[in-house]
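Each reported figure results from applying straightforward, stated rules to the coordinates on display, with no laboratory input. Keep in mind it's a predicted model, so treat the numbers as computed, not measured. Every residue, glycine among them, receives a Cβ derived from its backbone with ideal geometry; neighbour counts consider all protein chains shown.
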Amino acid sequence: DKLLGSMMRRAENRTKDKAIGTIRSLQAQLRLLTGSCRTLLDARARGVDSLAAISSIDWERLGTAVVDAELLIAPETIDRTAELIERQRSLRSVIGPFLNAFQFRGAGAVQGLLDAVRLVADIYRTGRRRLPDKPPLRFVPPSWRPFVLRNGVVVRAAYELCVLTQLRDRLRAGDIWVAESRQYRAFDSYLLPSATFDAMRARGPLPLAIDTDFENFIAGRRASLDTAIERVTILARQGELPQVRLDGNGLVISPLKAITPSDAADMRRVAYDRLPRVKITDLLLEVDSWTGFSECFTHRRSCRVADDRNALLTVILADGINLGLTRMAETCQGATLRQLAHLHDWHISEAAYGEALGRLIDVHRTVPLSALWGDGTTSSSDGQLFHAGGRGAAIGDINARNGNEPGVSFYTHVSDQYDPFASRVIAATAGEAPYVLDGLLYHATGLSIEEHYTDTGGASDHVFGLMPFFGYRFAPRLRDLKDRRLHLLPGQEAGPLLAGMTGDPVAIGHVAAHWDELLRLTTSVRSGTTTASAMLRRLSAYPRQNGLALALREVGRIERSIFMLDWLRDLDLRRRTQAGLNKGEARNALARALFFNQLGELRDRRFENQTYRASGLNLLVAAIILWNTRYLEQAVGALSIPEDVARHIAPLGWEHISLTGDYRWNVESRPDPGQLRPLRTPSSLLAA
């Protein structure tokens, strides 16, 4: 996958360079051609009939220019596929070993491709140089046929590369799977067995948040659509859609106006000035005394807590600030590399990080100040790119959206109380939408999320379709909302004002035909048989109209249409979405400040270690948020800051925290149980 992706990027860049060179060369040829044609036109206008009389034309140069122009305009000279085929020779050393190492399986629809895979594998295994006269060709897409077939002859380089690209796409989608593989399994094997699902349904009810009867479900969505259309139409006619204009000229949504109190920034600065100055090590010790989160990192075999609590916190800190164990052992007195490595191997795990994070968040939710920021029922999620530098650069995927440097993304869910309750590492090239539900479904905290926000990158019709099955309201900030279509149920009318926004009706018959499959899919996700991201990645990878993927898309179109109408009439929904996303972006700024070692780059080759870095960083962020919240509560009370201003003071500041230097664990300086450090007084601020 990465090898083909890298080749395609290089071919794309080479094609762009060739296109620029072609344009420059064509300009030179066109100047000669247009000059010659102008001479011919002038001669005809003067009545000169004989070409021999036109002595100013250099016929030799003209003939050369025509030949050069014909070569330049040939499609193969500036086509990415042609450029890709030219690079096929660099794959010859790996094609044979790769195809012969695995047993590829698939359903009937991909048998032609599987036959081609076996044919190419056999050619490399036996050392033959030519393809048979009639190789399998039904799998070749139309865009590849002009390159694979030249004058009725199959071109081997193009054929092999077409096989590899199609195999990659089918592996992604799940049409083709690999025998004995856990990641590339058959799509059906991810779901609950049919017999188990039927038994669960008969015993009832299914663990889903919707009415599982199809007719009742559709009747409810029809009623919601009718109500939303009626409300938007009435408000639009009265000109009362909040900050929205909807008329015959189209849809215009005005930007949100800030409602932050004018003195919030000043109060934030004053409140943070009162917070004690603290080292990151002292902060972790204090938070650990409140929560006991270090007890979650038990020995993998004996389940005992670590004997040296300070050394364990050193390992966690090394992950969180991206320093690594080797440099941490050099920086932290009293800890050897061997000791830190032993603790990391036997006490650090993803499950332990999740449990420790849950402890921090559950304690944070009990602090009265956190209730000013939200009630813990809404959340947002966003990805944060970290470049892959040094020796680890080769493992990173290229992200066209974030630039040409390789890297990975930490995808994090943040509650309305600023708690980062879930985080995972995803490829930089991966779409964010498949991972939105994972954080909501699989976190180890007491949060009960009801409404979730993302930006455009986290939204897709498939995500819209799955959300109601689990009881979540999905409210993304869609960049191109006015260009998206409303999809109504058959027989519904949008009215003249909304007619221009209406697209194709929902294929309700198709949804009905695949309703049982949708219930089996969502029940499998809810019961933990598979993950939402695994299913969404495979469903979104189908290039054809796969039945289940299409049915889920149609359900998503219904939900998105209801959401779009609610977005137009509900100003508070827009404000909540914007506020939620702002909290996630502010959390990312703190994470970037903490993850400062190694130039903020990931230099680890192993995905497991990258995951530990992401989890350690998230745990560190949660610890700082909890510490800040407790002390901000004291500062807000001491300064008598009103609640309507205090809710705009986020617990994400780090100016008062020393993040660098020698990492010493001064247990003696930790406050007594039940006590906090004294706030800084105005006199001490003046002296400082």
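Treating r as the C-beta distance of R130 and A507 and R0 as 41 Å, the FRET efficiency rounds to 0.30.
Counting only alpha carbon atoms, the long axis of helix 350-364 and the longest principal axis of the chain meet at about 50°. A simple spin-label model places pseudo-atoms 7 Å from Cα toward Cβ; at Q103 and S527 they are separated by 2.8 nm.
Computed from phi, the 3J(HN,Hα) profile of the range 304-312 under the Karplus parametrisation 6.51, -1.76, 1.60 (θ = phi - 60°) reads 8, 6, 5, 5, 9, 5, 5, 5, 5 Hz, with x in place of Gly and Pro. For Q384, the amide hydrogen comes within under 5 Å of the amide hydrogens of F410, Y411, T412, counting only partners 5 or more places away or on other chains and with H modelled in the peptide plane. Helix 547-569 axis versus longest C-alpha principal axis of the chain: approximately 60°, rounded to the nearest ten. The label-point distance for V667 and L489, in a model that sets each label 7 Å from Cα toward Cβ, rounds to 6.5 nm. Ordered by the number of other Cβ atoms lying within 10 Å of each residue's own Cβ, fewest first, F217, F595, F147 fall into the sequence F217, F147, F595. This model, with +1 at the C-beta of Lys and Arg and -1 at the C-beta of Asp and Glu, gives the range 88-185 a dipole about its Cα centre of some 220 debye. Rounded to two decimals, the Cα radius of gyration of the range 259-340 over 2.2 N^0.38 Å is 1.51.
If you find the alpha carbon centre of the range 176-216 and of the range 256-335, how far apart are they in angstrom? About 41 Å separates the Cα centre of the range 176-216 from the one of the range 256-335. Converting the Cα gyration tensor eigenvalues of the range 88-185 into ellipsoid dimensions via √(5λ) gives semi-axes, longest first, of 22, 16, 12 Å.
Near R473, the amide H atoms lying under 5 Å from its own belong to E451, H452; only residues 5 or more places off or on other chains count, and H is placed 1.01 Å from N. Note on the chain: with charges restricted to the Cβ of Lys and Arg (+1) and Asp and Glu (-1), its dipole about the Cα centre is near 2060 debye. Residues of the range 639-680 falling in the label zone of D263, defined by backbone nitrogen less than 15 Å from a point 7 Å along Cα to beta-carbon, are 639-649. Relative to the longest principal axis of the Cα atoms of the chain, the long axis of helix 571-594 makes an angle of roughly 80 degrees.
May I ask which residue of T81, T429, I210 lies farthest towards the positive end of the charge dipole of the chain, with charges of +1 (Lys, Arg) and -1 (Asp, Glu) on Cβ and the Cα centre as origin? So the residue we want is T81. Summarising the label geometry, the points placed 7 Å from Cα in the beta-carbon direction at Q333 and R592 lie 3.5 nm from one another.
Between L486 and T502, G503, the built amide H atoms are under 5 Å apart, and every one of these is 5 or more places off in sequence or on another chain. Taking 1.002 mPa s as the viscosity and 20 °C as the temperature, the Stokes-Einstein diffusion coefficient of the chain based on its alpha-carbon Kirkwood radius rounds to 72 µm²/s. Sequence-ordered 3J(HN,Hα) estimates for the range 103-119 from the Karplus curve with 6.51, -1.76 and 1.60 and θ = phi - 60° stand at 9, 8, 10, x, 7, x, 5, 10, 5, x, 5, 4, 4, 5, 4, 5, 5 Hz, glycine and proline given as x. Per residue, the chain reaches -16000 deg cm²/dmol at 222 nm when only DSSP H runs of four or more residues are counted, each adding -39500 (n - 2.57). Rounded to 0.05, the FRET efficiency of the D480 and D247 pair, given R0 = 25 Å and the Cβ-Cβ distance, is 0.80. When both the range 515-566 and the range 437-508 are represented by their alpha-carbon centers, they are found 12 Å apart. Bridges between two residues of the chain, per DSSP, are antiparallel at a rate of about 75%. Of all aspartates and glutamates in the structure, those lying under 16 Å Cα to Cα from K134, and not within fewer than 8 positions of it along the same chain, are D115, D122, E160. Once Rg and the Kirkwood radius are both taken over the C-alpha atoms of the range 610-688, their ratio Rg/Rh works out to 1.01.
With K and R counted +1 and D and E -1, the other residues having a Cβ less than 14 Å from that of H656 yield a net charge of +4. Legend: distances between Cα atoms for K2/K583; K257/K482; K257/K583; K279/K583; pairs beyond 29 Å are K2/K583.
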